[in-house]
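Down below is the structure, laid out as structure tokens.
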Amino acid sequence: MTADSRTGRPRASSRETLAEAACELFLERGYEATSIAAIAQRAGVSRSSFFNYFDSKADVLWSGLDERIIPFEQALSTSDDADAAADVRAAMESIARSFAPDSLALALVNSSAMGLDDELEREASLRRSRIARAVSDRLRRGGADRLRADVVGAAYGGAVLAALDAWAHDGAGRTDLARMLRRAVDTAAGALRPVSAVRQLRVVVRAAEFDAALRFYRDELGLIERESYEGEGDARVVILEAGAATLELSNPAQVAMIDRVETDGGTSDRIRIAFEVDDTAATVERLVEAGARLEASARETPWRSLNARLRAPADLQVTLFQELGED
């Protein structure tokens with residue numbers, strides 16, 4: 001009786017065994033010094049069996065991503081919906097769906113030890129180009145001019161590879177690639193948005209307890225100090241970076257609906273500040289300890305965010321929200 005049968009754990013497939021053997025040898029000998037024959041021998045299969053699963057050594061690392069790029073390209077080449085940008089975003093999100101930690105994640109983290117730095121960059125550039133070309137073609141069919149389509153395509157191609165690299169280094173399997181990719185896509189999508197006549201949204205707050213407010217928003221919430229000035233009569237101002245700025249306009253019916261969803265009978269101030277965070281529950285706990293008053297505990301909304309409401313220094317009513325993504 002084998003150890004696998006005793007524990008009830010299924011035996012790894014030949015594909016998984018080959019990938020594991022390849023990564024072991026890349027770490028031991030380096031990528032260039034590892035032959036396909038050596039990988040097959042370590043995995044306990046024939047050399048010809050290797051080619052039943054992979055076309056090359058590089059394919060051992062990239063096959064998981066390539067298997068997602070192919071339907072990505074097909075989806076964008078066949079879609080003719082009016083909203084090309086929505087098509088692209090949906091196709092981008094499909095790349096990360098059910099993407100489990102694999103040989104590529106291991107290689108990205110151990111690229112120097114495996115002697116893979118140059119190889120990974122060469123192979124990554126090919127995938128970036130494929131994604132960029134598919135996105136550009138779809139946007140051009142949707143009416144975008146060639147320059148804009150090519151720039152956005154290049155941004156999206158870079159977003160996928162950047163998200164994969166960040167996911168691997170943050171601990172693939174402990175973090176969510178889909179969420180990482182959404183963040184990268186949001187950054188790239190900025191190139192698709194119409195250019196606004198307004199260059200910046202700045203919220204100006206009068207803070208009587210200035211130092212306490214500064215500690216709360218800069219040191220506890222984590223906003224980045226961009227500029228600070230002092231003037232006559234003890235005048236002081238600090239400008240804090242708070243990520244992307246948006247202005248949400250809601251009519252009274254919408255505000256009432258939000259209050260029902262977000263609170264237990266609470267009401268919104270005429271102006272309420274909202275911050276998107278990575279972890280609502282943890283941020284609430286930290287900010288309450290730092291002096292904020294909890295108005296509504298974290299709860300999931302119908303639009304798949306985790307929201308909580310606080311009364312923060314300078315008498316600001318603050319909503320913290322964490323985007324949860326798809327079910």
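Structural remarks
- Look at the dipole of the chain built from charges on Cβ: of SER14, ALA308, LEU223, the Cα furthest out on the positive end belongs to SER14.
- Whether segment 158-300 is rounded, prolate or oblate, judged on the alpha carbon gyration tensor where a/c under 1.5 counts as rounded: rounded
- Normalised size of the chain, defined as Cα radius of gyration per 2.2 N^0.38 Å with N residues, equals 1.26.
- Dipole check for the chain: with +1 at the C-beta of Lys and Arg, -1 at the C-beta of Asp and Glu, and the Cα centre as origin, the magnitude is about 680 Debye.
- Structure-based [θ]222 nm, the chain - -39500 (n - 2.57) summed over DSSP H runs of at least 4, per residue, nearest 500: -16500 deg cm²/dmol
- With the whole protein complex present, TYR229 retains an accessible surface near 120 Å², based on a 1.4 Å probe.
- Under 5 Å between amide hydrogens, built in the peptide plane, is the criterion, and for PHE275 it picks out THR319, LEU320, PHE321 among residues at least 5 positions away or on other chains.
- Where ARG148, ARG127 fall by accessible area, highest first, once all protein chains stay in place (1.4 Å): ARG148, ARG127
- Per-q log10 I(q)/I(0), segment 191-257, q = 0.12, 0.17 Å⁻¹ (Debye; single scatterer per alpha-carbon; no solvent): -0.49, -0.84
- Mean-square fluctuations from a GNM of the chain, with a 10 angstrom spring cutoff on Cα atoms, peak among LEU65, LEU201, LEU306 at LEU201.
- Student exercise, segment 252-327 dipole from Lys, Arg, Asp, Glu Cβ charges, in Debye to nearest 20: 360
- Candidates GLN254, GLN74, GLN317, ranked by Gaussian network fluctuation over the chain, Cα under 10 Å, top entry: GLN254
- Taking trypsin sites (Lys or Arg not before Pro) across segment 283-327, the ones in a DSSP loop with at most 14 further Cβ atoms lying within 10 angstrom of their Cβ are ARG304.
- For segment 269-280, 3J(HN,Hα) per residue [Karplus equation, 6.51 cos²θ - 1.76 cosθ + 1.60, θ = phi - 60°, Hz, x = Gly/Pro]: 5, 4, 10, 10, 9, 10, 10, 7, 10, 7, 9, 4
- Residue-by-residue Karplus 3J(HN,Hα) for segment 112-123, coefficients 6.51, -1.76, 1.60, Hz, glycine and proline x: 5, 5, 8, x, 10, 4, 5, 4, 5, 5, 4, 5
- Per-residue HN-Hα couplings for segment 45-56 [Karplus 6.51, -1.76, 1.60; θ = phi - 60°; Hz; x = Gly/Pro]: 10, 6, 4, 5, 5, 3, 6, 6, 10, 9, 8, 6
- The chain, accessible surface, carbon-and-sulfur percent (1.4 angstrom probe): 50
- Projecting the Cα positions of PHE50, SER94, ALA75 onto the charge dipole of segment 19-167 (unit charges on Cβ atoms of Lys, Arg, Asp and Glu, taken about the Cα centre) puts ALA75 furthest along the positive direction.
- Amide proton proximity set for ILE239, modelled H, under 5 Å, gap of 5+: ARG226, GLU227, SER228
- Annotation: per residue accessible area for the chain equals 58 Å², rounded to a whole number [probe 1.4 Å, protein chains only].
- Nonlocal amide H pairs with LEU324, under 5 Å, H built at 1.01 Å: SER305, LEU306
The values are calculated or read from the model by the stated rules, or taken from the named source; none is laboratory data. Note that the coordinates shown come from a computational prediction; the quantities given were computed from them, not determined experimentally. Virtual Cβ from ideal backbone geometry, glycine too; neighbours counted across all protein chains shown. The accessibility values were calculated without ligands, DNA or RNA, using every heavy atom of the protein model including side chains. Shrake-Rupley method; radii C 1.70, N 1.55, O 1.52, S 1.80 Å.
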